[in-house]
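Written below as structure tokens is the structure these notes are about.
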Amino acid sequence: GKNAWVENTNLTHEIKSFIDQENVKNSLFLFCAGPFGNILTHQLFEHCENNTYIDIGSTLNPLLLEENGLNRGYLRGESSRKKICIWSS
């Protein structure tokens with residue numbers, strides 16, 4: 001949707017309720033939900049710091065979507081994946 005935060009508020013509450021009801025602690029949550037993944041990781045960490053929440057972005061797209069999942073340059077083997085980031089002060 002156009003506004004993931006507003007449209008998925010119920011989902012965020014459902015996950016928080018699940019964590020509370022099942023007493024989920026010391027668990028790993030992986031998200032590949034577009035921009036909403038960033039919101040989820042932040043909101044859930046604020047809710048329960050005893051878990052690890054990671055937004056893994058589009059890394060699983062080829063496994064989940066097969067050929068349609070090759071929607072990022074680095075997944076298609078483009079030369080940009082060989083770039084080196086150099087940090088300087």
Item checked: Among residues of region 56-77, those that are open to solvent by 60 Å² or more (accessible area, probe 1.4 Å) and either basic (Lys, Arg) or in a helix (DSSP H, G or I) (or both), counted -> 9
Next item on the list: Enumerate the pairs (first residue in region 27-40 and closer than 12 Å to Thr12 by Cα; second residue anywhere and open to solvent by 60 Å² or more (accessible area, probe 1.4 Å)) with beta-carbon separation below 6 Å, excluding pairs fewer than 6 apart on the same chain, so at least 6 apart or on different chains.
Entry: Ile39/Trp5
Check: loosely packed, with under 12 Cβ neighbours inside 10 Å and outside any helix (DSSP H, G or I) - does that describe any residue in region 7-20?
Finding: no
Check: Between residues in region 54-74 that are modelled with pLDDT of 80 or more and residues that are surrounded by 14 or more Cβ atoms within 10 Å (Cβ to Cβ) and hydroxyl-bearing (Ser, Thr, Tyr), which pairs lie under 9 Å by C-beta distance while being six or more apart or on different chains?
Finding: Ile54/Thr41; Asp55/Thr41
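Yes/no per residue for (1) in contact with a helix residue (DSSP H, G or I) (Cβ under 8 Å, 6 or more places away or on another chain); (2) modelled with pLDDT of 90 or more; (3) farther than 24 Å from Thr59 by Cβ:
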{"residue": "Asn8", "(1), (2), (3)": "yes, no, no"}
{"residue": "Thr12", "(1), (2), (3)": "yes, no, no"}
{"residue": "Ile15", "(1), (2), (3)": "yes, yes, no"}
{"residue": "Val24", "(1), (2), (3)": "yes, yes, no"}
{"residue": "Leu28", "(1), (2), (3)": "no, yes, no"}
{"residue": "Phe36", "(1), (2), (3)": "yes, no, no"}
{"residue": "Thr41", "(1), (2), (3)": "no, yes, no"}
{"residue": "Glu46", "(1), (2), (3)": "no, yes, yes"}
{"residue": "Glu49", "(1), (2), (3)": "no, yes, yes"}
Margin query: Just to verify a result, which residue in region 78-89, among those that are assigned to a loop (DSSP other than H, G, I, E, B) and small (Gly, Ala, Ser), is nearest to Gly34 (Cα to Cα)?
Written below: Ser88
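The values are calculated or read from the model by the stated rules, or taken from the named source; none is laboratory data. All values derive from a computational prediction rather than experimental measurement. Don't worry about glycine lacking a Cβ; one is built from the backbone with ideal geometry, like all the others, and counts go over all protein chains shown. Just so you know, the surface numbers come from the protein's heavy atoms only, side chains and all, with ligands and any DNA or RNA stripped out. Shrake-Rupley method; radii C 1.70, N 1.55, O 1.52, S 1.80 Å.
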